[in-house]
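Asker: This is the structure I have questions about; it appears just below.
The values are calculated or read from the model by the stated rules, or taken from the named source; none is laboratory data. If you're wondering where the values come from, they're calculated on a predicted model, not measured in any experiment. Ideal geometry is used to build each Cβ from the backbone, glycine not excepted, and the neighbour counts take in all protein chains shown. Only protein heavy atoms, including side chains, enter the accessible area calculation; ligands, DNA and RNA are left aside. Shrake-Rupley method; radii C 1.70, N 1.55, O 1.52, S 1.80 Å.
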Amino acid sequence: MKFHVGRDVFSEAVSFVVKLLPQRNPQPILAGVLIEAGDDGLSLSAFDYEASARTTIEASVDEPGTILVHGRLLSDIASRLPNAPIQVEVEDDGIALTCGSARFMLASMPVQEYPAIPEVSGESGLVPAEDFATAISQVAFAASRDDVTPVLTGVQLEVSGTQLSLVATDRYRVALRDIPWDSGSAASEESTSALVPARTLTEVGKTFSHGGEISISFSGSGDREIIAFTSGDKTVTSLLIKGNFPPVRRLFPEQTEHHAVVNTADLAEAVRRVSLVLDRSAPLRFTFTADTVSMDASGTEQARANESVESTLVGEDVTLGLNPQYLLEALSAVRSEFTRITFTSAENQNKLSPVLITPQTSVEKGGEDTFRYLLQPNLLLR
(Lines give C-alpha, C1' and ligand atoms only; values in the text may rest on other atoms or scores of the structure.)
Protein backbone atom coordinates (compact mmCIF):
# COMPACT_ATOMS: atom_id res chain seq x y z
CA MET A 1 0.00 0.00 0.00
CA LYS A 2 1.14 3.52 -0.80
CA PHE A 3 -0.60 6.90 -0.76
CA HIS A 4 -0.01 10.67 -0.58
CA VAL A 5 -2.20 12.99 1.46
CA GLY A 6 -2.27 16.57 2.76
CA ARG A 7 -0.85 16.99 6.25
CA ASP A 8 -3.69 19.01 7.77
CA VAL A 9 -6.42 16.79 6.32
CA PHE A 10 -4.69 13.63 7.51
CA SER A 11 -3.93 15.00 10.97
CA GLU A 12 -7.53 16.13 11.50
CA ALA A 13 -8.90 12.77 10.35
CA VAL A 14 -6.64 10.74 12.65
CA SER A 15 -7.43 13.03 15.58
CA PHE A 16 -11.16 12.58 15.00
CA VAL A 17 -11.15 8.78 14.96
CA VAL A 18 -8.99 8.35 18.08
CA LYS A 19 -10.97 10.78 20.27
CA LEU A 20 -13.43 8.14 21.44
CA LEU A 21 -10.82 5.49 22.21
CA PRO A 22 -10.08 4.99 25.94
CA GLN A 23 -6.65 6.05 27.14
CA ARG A 24 -5.95 2.50 28.27
CA ASN A 25 -7.47 -0.38 26.36
CA PRO A 26 -7.29 -3.94 27.75
CA GLN A 27 -7.00 -5.27 24.20
CA PRO A 28 -3.97 -3.77 22.42
CA ILE A 29 -5.51 -4.42 18.99
CA LEU A 30 -8.30 -1.92 19.79
CA ALA A 31 -5.74 0.86 20.17
CA GLY A 32 -5.24 0.78 16.42
CA VAL A 33 -6.57 2.96 13.62
CA LEU A 34 -7.64 1.10 10.50
CA ILE A 35 -6.60 2.88 7.29
CA GLU A 36 -8.07 1.65 4.02
CA ALA A 37 -6.75 3.13 0.76
CA GLY A 38 -8.77 2.73 -2.43
CA ASP A 39 -10.07 4.48 -5.52
CA ASP A 40 -12.22 6.82 -3.38
CA GLY A 41 -9.32 7.96 -1.20
CA LEU A 42 -8.72 7.03 2.44
CA SER A 43 -11.08 5.64 5.05
CA LEU A 44 -9.91 5.86 8.67
CA SER A 45 -11.70 3.97 11.48
CA ALA A 46 -11.38 3.22 15.18
CA PHE A 47 -13.53 0.86 17.27
CA ASP A 48 -13.47 -0.44 20.86
CA TYR A 49 -16.69 -2.53 20.82
CA GLU A 50 -18.53 0.29 22.62
CA ALA A 51 -18.07 3.17 20.17
CA SER A 52 -16.63 3.66 16.71
CA ALA A 53 -15.57 6.63 14.60
CA ARG A 54 -15.11 6.64 10.84
CA THR A 55 -14.22 9.28 8.25
CA THR A 56 -13.15 9.46 4.61
CA ILE A 57 -10.68 11.93 3.10
CA GLU A 58 -9.24 12.63 -0.31
CA ALA A 59 -5.82 11.20 -1.08
CA SER A 60 -3.68 10.15 -4.03
CA VAL A 61 -3.52 6.35 -3.84
CA ASP A 62 -0.67 4.73 -5.73
CA GLU A 63 -1.22 1.23 -4.33
CA PRO A 64 -4.51 0.33 -2.57
CA GLY A 65 -4.46 -1.66 0.63
CA THR A 66 -5.30 -1.76 4.33
CA ILE A 67 -3.10 -1.13 7.35
CA LEU A 68 -3.63 -1.02 11.11
CA VAL A 69 -1.38 1.25 13.17
CA HIS A 70 -1.35 2.49 16.76
CA GLY A 71 -3.84 5.36 16.78
CA ARG A 72 -2.66 7.76 19.48
CA LEU A 73 0.96 7.51 18.38
CA LEU A 74 -0.06 8.21 14.78
CA SER A 75 -2.19 11.16 15.94
CA ASP A 76 0.71 12.64 17.95
CA ILE A 77 3.05 12.28 14.99
CA ALA A 78 0.61 13.71 12.44
CA SER A 79 -0.10 16.79 14.57
CA ARG A 80 3.60 17.68 14.71
CA LEU A 81 4.69 17.05 11.14
CA PRO A 82 6.19 19.89 9.05
CA ASN A 83 4.01 21.74 6.56
CA ALA A 84 4.43 19.38 3.62
CA PRO A 85 2.55 16.51 1.91
CA ILE A 86 2.62 13.14 3.66
CA GLN A 87 3.62 9.87 2.02
CA VAL A 88 2.73 6.56 3.66
CA GLU A 89 3.80 3.16 2.33
CA VAL A 90 4.17 -0.36 3.60
CA GLU A 91 7.71 -1.71 3.74
CA ASP A 92 9.09 -5.06 4.82
CA ASP A 93 9.83 -3.94 8.36
CA GLY A 94 6.74 -1.81 8.96
CA ILE A 95 4.97 1.33 7.83
CA ALA A 96 7.01 4.29 6.60
CA LEU A 97 5.61 7.80 6.99
CA THR A 98 7.51 10.62 5.28
CA CYS A 99 6.78 14.34 5.46
CA GLY A 100 9.41 16.78 4.23
CA SER A 101 12.67 15.74 5.86
CA ALA A 102 10.88 13.88 8.68
CA ARG A 103 10.58 10.11 8.42
CA PHE A 104 8.92 7.70 10.86
CA MET A 105 8.86 3.92 10.89
CA LEU A 106 5.82 2.46 12.67
CA ALA A 107 5.04 -1.14 13.50
CA SER A 108 1.94 -2.53 11.82
CA MET A 109 -0.77 -4.39 13.71
CA PRO A 110 -2.54 -7.55 12.40
CA VAL A 111 -5.52 -6.34 10.36
CA GLN A 112 -7.17 -9.77 10.42
CA GLU A 113 -7.58 -9.56 14.21
CA TYR A 114 -9.37 -6.20 14.13
CA PRO A 115 -13.16 -6.37 14.69
CA ALA A 116 -15.60 -5.34 11.96
CA ILE A 117 -16.78 -1.72 12.20
CA PRO A 118 -20.56 -1.71 12.86
CA GLU A 119 -22.86 -0.61 10.07
CA VAL A 120 -26.15 1.18 10.78
CA SER A 121 -29.11 0.97 8.43
CA GLY A 122 -32.17 1.49 10.63
CA GLU A 123 -34.65 4.35 11.03
CA SER A 124 -33.09 7.79 10.89
CA GLY A 125 -33.81 11.50 11.04
CA LEU A 126 -32.09 14.87 10.84
CA VAL A 127 -31.36 17.47 13.51
CA PRO A 128 -29.67 20.89 13.18
CA ALA A 129 -26.04 20.35 14.20
CA GLU A 130 -25.74 23.56 16.22
CA ASP A 131 -28.99 22.90 18.10
CA PHE A 132 -27.96 19.33 18.83
CA ALA A 133 -24.52 20.33 20.11
CA THR A 134 -26.08 23.01 22.32
CA ALA A 135 -28.66 20.57 23.65
CA ILE A 136 -25.95 18.06 24.56
CA SER A 137 -23.99 20.72 26.47
CA GLN A 138 -27.18 21.67 28.34
CA VAL A 139 -28.00 18.13 29.41
CA ALA A 140 -25.02 15.74 29.47
CA PHE A 141 -23.43 17.25 32.60
CA ALA A 142 -26.47 16.14 34.64
CA ALA A 143 -25.79 12.45 33.93
CA SER A 144 -24.31 10.41 36.75
CA ARG A 145 -20.59 9.60 36.82
CA ASP A 146 -21.15 6.58 39.07
CA ASP A 147 -20.95 3.33 37.10
CA VAL A 148 -22.84 1.50 39.87
CA THR A 149 -26.07 2.54 38.12
CA PRO A 150 -25.23 2.40 34.38
CA VAL A 151 -28.61 3.70 33.17
CA LEU A 152 -27.95 7.03 34.91
CA THR A 153 -24.60 7.52 33.15
CA GLY A 154 -26.37 8.00 29.83
CA VAL A 155 -28.46 10.61 28.09
CA GLN A 156 -31.89 9.45 27.01
CA LEU A 157 -32.77 10.46 23.43
CA GLU A 158 -36.52 10.37 22.80
CA VAL A 159 -38.05 10.90 19.35
CA SER A 160 -41.73 11.79 19.18
CA GLY A 161 -43.25 13.24 16.01
CA THR A 162 -41.18 16.27 15.01
CA GLN A 163 -39.33 16.58 18.32
CA LEU A 164 -36.17 15.09 19.77
CA SER A 165 -35.76 15.29 23.54
CA LEU A 166 -32.52 14.84 25.48
CA VAL A 167 -32.87 13.91 29.16
CA ALA A 168 -30.27 13.20 31.85
CA THR A 169 -30.40 12.69 35.61
CA ASP A 170 -28.20 11.62 38.52
CA ARG A 171 -31.12 11.36 40.99
CA TYR A 172 -30.47 14.82 42.44
CA ARG A 173 -31.30 16.79 39.29
CA VAL A 174 -32.89 16.38 35.88
CA ALA A 175 -31.97 18.28 32.70
CA LEU A 176 -34.28 18.26 29.68
CA ARG A 177 -33.93 19.91 26.25
CA ASP A 178 -36.16 19.64 23.18
CA ILE A 179 -35.02 20.33 19.60
CA PRO A 180 -36.62 19.88 16.14
CA TRP A 181 -36.51 16.42 14.54
CA ASP A 182 -36.97 15.81 10.81
CA SER A 183 -37.78 12.22 9.91
CA GLY A 184 -38.54 13.12 6.29
CA SER A 185 -41.18 11.25 4.37
CA ALA A 186 -40.78 8.24 6.68
CA ALA A 187 -42.45 10.01 9.58
CA SER A 188 -43.78 7.58 12.16
CA GLU A 189 -46.34 8.02 14.91
CA GLU A 190 -44.39 5.64 17.14
CA SER A 191 -41.89 7.09 19.57
CA THR A 192 -38.26 5.93 19.62
CA SER A 193 -35.77 6.12 22.48
CA ALA A 194 -32.07 5.39 22.90
CA LEU A 195 -29.88 5.61 26.01
CA VAL A 196 -26.48 6.87 24.87
CA PRO A 197 -23.37 7.09 27.12
CA ALA A 198 -22.94 10.73 28.13
CA ARG A 199 -19.20 10.68 27.39
CA THR A 200 -19.74 9.54 23.81
CA LEU A 201 -22.55 12.00 23.23
CA THR A 202 -20.43 14.87 24.55
CA GLU A 203 -17.69 14.08 22.02
CA VAL A 204 -20.32 13.92 19.26
CA GLY A 205 -21.53 17.39 20.22
CA LYS A 206 -18.01 18.84 20.15
CA THR A 207 -17.13 17.20 16.84
CA PHE A 208 -20.32 17.94 14.89
CA SER A 209 -21.24 21.37 16.31
CA HIS A 210 -20.70 23.15 12.96
CA GLY A 211 -21.78 20.44 10.56
CA GLY A 212 -25.03 21.87 9.21
CA GLU A 213 -27.24 18.84 9.85
CA ILE A 214 -26.64 15.56 11.66
CA SER A 215 -28.25 12.30 10.61
CA ILE A 216 -29.14 10.08 13.57
CA SER A 217 -29.86 6.40 12.88
CA PHE A 218 -31.07 3.62 15.17
CA SER A 219 -30.19 0.02 14.43
CA GLY A 220 -29.58 -3.43 15.90
CA SER A 221 -31.46 -5.51 18.41
CA GLY A 222 -30.99 -7.38 21.65
CA ASP A 223 -27.63 -6.71 23.30
CA ARG A 224 -26.16 -4.97 20.23
CA GLU A 225 -28.47 -2.00 19.77
CA ILE A 226 -26.48 0.92 18.40
CA ILE A 227 -26.98 4.50 17.33
CA ALA A 228 -25.08 6.35 14.61
CA PHE A 229 -24.41 10.07 14.16
CA THR A 230 -23.32 11.18 10.69
CA SER A 231 -22.36 14.61 9.41
CA GLY A 232 -20.57 15.08 6.12
CA ASP A 233 -17.85 12.45 5.81
CA LYS A 234 -17.74 11.61 9.53
CA THR A 235 -19.71 8.94 11.41
CA VAL A 236 -19.73 7.99 15.09
CA THR A 237 -21.56 4.93 16.39
CA SER A 238 -22.26 3.99 19.99
CA LEU A 239 -23.55 0.88 21.71
CA LEU A 240 -26.65 1.79 23.69
CA ILE A 241 -26.90 1.34 27.45
CA LYS A 242 -29.29 -1.46 28.36
CA GLY A 243 -31.89 -0.82 31.03
CA ASN A 244 -34.95 1.27 31.80
CA PHE A 245 -34.36 4.98 32.17
CA PRO A 246 -36.38 6.38 35.11
CA PRO A 247 -39.64 8.19 34.20
CA VAL A 248 -38.35 11.61 35.24
CA ARG A 249 -40.70 13.64 33.03
CA ARG A 250 -43.49 13.22 35.56
CA LEU A 251 -41.40 15.12 38.11
CA PHE A 252 -41.76 18.40 36.22
CA PRO A 253 -44.60 20.50 37.66
CA GLU A 254 -47.48 21.87 35.63
CA GLN A 255 -48.23 24.89 37.82
CA THR A 256 -45.39 27.41 38.11
CA GLU A 257 -46.84 30.51 39.81
CA HIS A 258 -44.46 30.75 42.80
CA HIS A 259 -41.13 31.87 41.32
CA ALA A 260 -38.22 34.31 41.35
CA VAL A 261 -36.47 35.95 38.39
CA VAL A 262 -32.82 36.93 38.70
CA ASN A 263 -30.03 38.09 36.40
CA THR A 264 -28.14 34.94 35.39
CA ALA A 265 -24.61 36.36 35.36
CA ASP A 266 -25.06 38.29 38.63
CA LEU A 267 -26.34 35.22 40.47
CA ALA A 268 -23.62 32.97 39.07
CA GLU A 269 -20.82 35.34 40.11
CA ALA A 270 -22.26 35.72 43.61
CA VAL A 271 -22.63 31.95 44.04
CA ARG A 272 -19.01 31.43 42.99
CA ARG A 273 -17.77 33.97 45.53
CA VAL A 274 -19.87 32.95 48.50
CA SER A 275 -19.35 29.21 48.03
CA LEU A 276 -15.57 29.65 48.37
CA VAL A 277 -15.88 29.23 52.15
CA LEU A 278 -18.13 26.16 51.95
CA ASP A 279 -16.96 22.68 52.75
CA ARG A 280 -17.06 20.28 49.84
CA SER A 281 -20.61 19.10 49.02
CA ALA A 282 -22.13 21.42 51.65
CA PRO A 283 -25.28 23.28 50.51
CA LEU A 284 -25.47 27.03 50.09
CA ARG A 285 -28.31 28.80 51.91
CA PHE A 286 -30.56 30.94 49.70
CA THR A 287 -33.23 33.31 50.98
CA PHE A 288 -35.60 34.72 48.36
CA THR A 289 -37.54 37.85 49.31
CA ALA A 290 -39.55 40.40 47.31
CA ASP A 291 -36.59 42.17 45.69
CA THR A 292 -33.41 40.23 46.62
CA VAL A 293 -31.95 36.78 46.93
CA SER A 294 -29.41 36.43 49.74
CA MET A 295 -26.73 33.76 49.99
CA ASP A 296 -25.10 32.69 53.26
CA ALA A 297 -22.26 30.24 53.76
CA SER A 298 -20.04 29.11 56.63
CA GLY A 299 -17.11 26.70 56.67
CA THR A 300 -15.14 24.67 59.19
CA GLU A 301 -12.34 27.25 59.34
CA GLN A 302 -14.73 29.76 60.93
CA ALA A 303 -14.98 31.50 57.58
CA ARG A 304 -18.31 33.06 56.68
CA ALA A 305 -19.64 34.82 53.59
CA ASN A 306 -22.87 36.40 52.48
CA GLU A 307 -24.01 38.36 49.46
CA SER A 308 -27.27 39.56 47.92
CA VAL A 309 -28.33 40.23 44.34
CA GLU A 310 -31.48 41.76 42.96
CA SER A 311 -34.37 39.46 42.16
CA THR A 312 -38.11 39.64 41.64
CA LEU A 313 -40.19 37.21 43.67
CA VAL A 314 -43.80 36.25 42.98
CA GLY A 315 -45.28 34.59 46.07
CA GLU A 316 -44.10 34.02 49.62
CA ASP A 317 -40.50 34.31 50.85
CA VAL A 318 -38.45 31.13 50.52
CA THR A 319 -35.36 29.80 52.30
CA LEU A 320 -33.65 26.65 51.04
CA GLY A 321 -30.28 25.01 50.49
CA LEU A 322 -28.90 24.19 47.05
CA ASN A 323 -25.75 22.48 45.84
CA PRO A 324 -23.78 25.46 44.46
CA GLN A 325 -22.03 23.47 41.72
CA TYR A 326 -25.29 21.98 40.48
CA LEU A 327 -26.84 25.44 40.43
CA LEU A 328 -23.88 26.96 38.57
CA GLU A 329 -24.10 24.26 35.91
CA ALA A 330 -27.79 25.04 35.49
CA LEU A 331 -27.14 28.79 35.22
CA SER A 332 -24.57 28.10 32.51
CA ALA A 333 -27.02 25.87 30.65
CA VAL A 334 -29.99 28.29 30.55
CA ARG A 335 -28.11 30.54 28.09
CA SER A 336 -30.29 33.58 28.75
CA GLU A 337 -29.82 36.95 30.43
CA PHE A 338 -32.30 36.11 33.17
CA THR A 339 -33.17 32.90 34.96
CA ARG A 340 -36.51 31.88 36.40
CA ILE A 341 -36.39 29.77 39.57
CA THR A 342 -39.75 28.17 40.27
CA PHE A 343 -40.58 26.70 43.67
CA THR A 344 -42.68 23.59 43.19
CA SER A 345 -45.00 21.98 45.70
CA ALA A 346 -44.79 18.38 46.88
CA GLU A 347 -47.66 16.10 47.84
CA ASN A 348 -45.64 15.03 50.86
CA GLN A 349 -45.36 18.04 53.18
CA ASN A 350 -42.36 16.49 54.96
CA LYS A 351 -40.35 16.29 51.75
CA LEU A 352 -38.37 19.11 50.18
CA SER A 353 -39.78 20.20 46.84
CA PRO A 354 -37.42 20.58 43.85
CA VAL A 355 -36.85 23.93 42.15
CA LEU A 356 -37.41 24.30 38.41
CA ILE A 357 -34.84 26.42 36.53
CA THR A 358 -35.74 27.79 33.09
CA PRO A 359 -34.58 30.59 30.76
CA GLN A 360 -36.17 34.03 31.10
CA THR A 361 -35.85 36.72 28.39
CA SER A 362 -36.45 39.60 30.82
CA VAL A 363 -37.85 40.14 34.30
CA GLU A 364 -41.38 40.16 32.91
CA LYS A 365 -41.08 37.92 29.84
CA GLY A 366 -40.49 34.19 29.93
CA GLY A 367 -37.96 32.50 27.65
CA GLU A 368 -38.23 29.46 25.41
CA ASP A 369 -39.64 26.40 27.13
CA THR A 370 -37.29 23.99 25.34
CA PHE A 371 -34.89 23.76 28.32
CA ARG A 372 -35.86 22.75 31.85
CA TYR A 373 -33.70 21.83 34.83
CA LEU A 374 -35.06 20.36 38.03
CA LEU A 375 -32.84 20.52 41.15
CA GLN A 376 -33.52 18.87 44.49
CA PRO A 377 -32.77 21.14 47.50
CA ASN A 378 -30.58 20.02 50.40
CA LEU A 379 -31.47 19.91 54.06
CA LEU A 380 -30.16 22.92 55.96
CA LEU A 381 -28.79 22.63 59.48
CA ARG A 382 -30.62 24.89 61.86
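Asker: What's the longest piece of the chain with no exposed GluC sites (Glu not before Pro), counting a site as exposed if DSSP puts it in a loop and it has at most 15 other beta carbons within 10 Å?
Answerer: Numbers: sites that count: Glu58, Glu119, Glu123, Glu189, Glu190, Glu254, Glu257, Glu301, Glu316, Glu337, Glu347, Glu364, Glu368.
Result for the longest clean stretch: 124-188.
Asker: Under a GNM of the chain (C-alpha, springs under 10 Å), which listed residue has the highest mean-square fluctuation: Thr66, Thr361, Thr300?
Answerer: Its mean-square fluctuation being the largest, the pick is Thr300.
Asker: Something else about it: Ignoring ligands, DNA and RNA, what accessible area per residue does segment 42-146 give at 1.4 Å, in Å²?
Answerer: 49 Å²
Asker: Exactly which trypsin sites (Lys or Arg not before Pro) in segment 251-287 are in a DSSP loop and have at most 11 other Cβ atoms within 10 Å?
Answerer: Passing both the DSSP loop test and the Cβ count: Arg280.
Asker: If you don't mind, another one. Going by amide H atoms built from the backbone, whose H comes under 5 Å of the H on Thr292, apart from near neighbours?
Answerer: Ser311
Asker: Taking only C-alpha pairs under 8 Å that are 6+ residues apart, what is the relative contact order of the chain in percent? Let's see the in-between values first.
Answerer: Details: 878 pairs, mean separation 47.6, N = 382.
Here the relative contact order equals 12 percent.
Asker: Determine the gain in length on full extension of the stretch Thr66-Glu12; use 0.36 nm per residue of separation and subtract their C-alpha separation, reporting nm with one decimal. Walk me through the numbers on the way to the answer.
Answerer: Values: separation 54, 0.36 × 54 = 19.44 nm, distance 1.94 nm.
Extra length available between Thr66 and Glu12 comes to 17.5 nm.
Asker: Separate question: Go through segment 97-114 residue by residue and turn each phi into a ³J(HN,Hα) via Karplus (6.51, -1.76, 1.60, θ = phi - 60°); whole Hz please, and just put x for glycine and proline.
Answerer: Whole-Hz 3J(HN,Hα) from phi for segment 97-114: 10, 10, 8, x, 8, 8, 9, 10, 10, 10, 6, 8, 10, x, 4, 5, 8, 7.
Asker: Follow-up question, since we're still on this one. If we count chymotrypsin sites (Phe, Trp or Tyr not before Pro) as exposed when they sit in a DSSP loop and have at most 15 other beta carbons within 10 Å, what is the longest stretch of the chain that avoids them all?
Answerer: Within the chain, the longest run free of exposed chymotrypsin sites (Phe, Trp or Tyr not before Pro) spans 173-382.
Asker: With an 8 Å Cα cut-off and a minimum separation of 6 or more residues, compute the relative contact order for segment 231-382 in percent. Spell out each step's value before the answer.
Answerer: Working: 286 pairs, mean separation 35.3, N = 152.
Reported as a whole number, the value is 23 percent.
Asker: In addition: Keeping the other protein chains in place, figure out the carbon and sulfur percent of the accessible area of the chain, with a 1.4 Å probe. Don't skip to the end; give the middle numbers.
Answerer: Values: 8970 of 19520 Å².
C and S atoms contribute 46 percent here.
Asker: Using Cα centres only, tell me the gap between segment 265-322 and segment 84-136 in whole Å.
Answerer: If you average the Cα positions of each part, the centres end up 50 Å apart.
Asker: Rounded to the nearest 10 Å², what accessible area does Val9 show when all protein chains are kept and the probe is 1.4 Å?
Answerer: Accessible surface of Val9 is approximately 70 Å².
Asker: If you don't mind, there's one more thing I want to ask. Averaging the inverse of every distinct alpha carbon separation and then flipping it gives the Kirkwood radius. What is it for segment 270-318, in angstrom units?
Answerer: 11.3 Å
Asker: Segment 199-261 to segment 12-55: how many Å between their Cα centroids?
Answerer: Rounded to whole Å, the Cα centres lie 22 Å apart.
Asker: Tell me, what does the Kirkwood hydrodynamic radius of the chain come to in angstroms if you use every pair of distinct C-alpha atoms?
Answerer: After inverting the mean inverse Cα-Cα distance, the result is 23.5 Å.
Asker: May I pose another question? List the trypsin sites (Lys or Arg not before Pro) within segment 288-352 that DSSP assigns to loop and that have no more than 16 neighbouring Cβ atoms inside 10 Å.
Answerer: Hits after loop and neighbour filter: Arg335, Lys351.
Asker: Determine by what factor the alpha-carbon radius of gyration of segment 89-172 differs from 2.2 N^0.38 Å, reporting the quotient.
Answerer: 1.83
Asker: Also, quick follow-up: Rounded to two decimals, what is the ratio between the C-alpha radius of gyration of segment 154-290 and 2.2 N^0.38 Å?
Answerer: Normalised by 2.2 N^0.38 Å, the Cα Rg of segment 154-290 equals 1.34.
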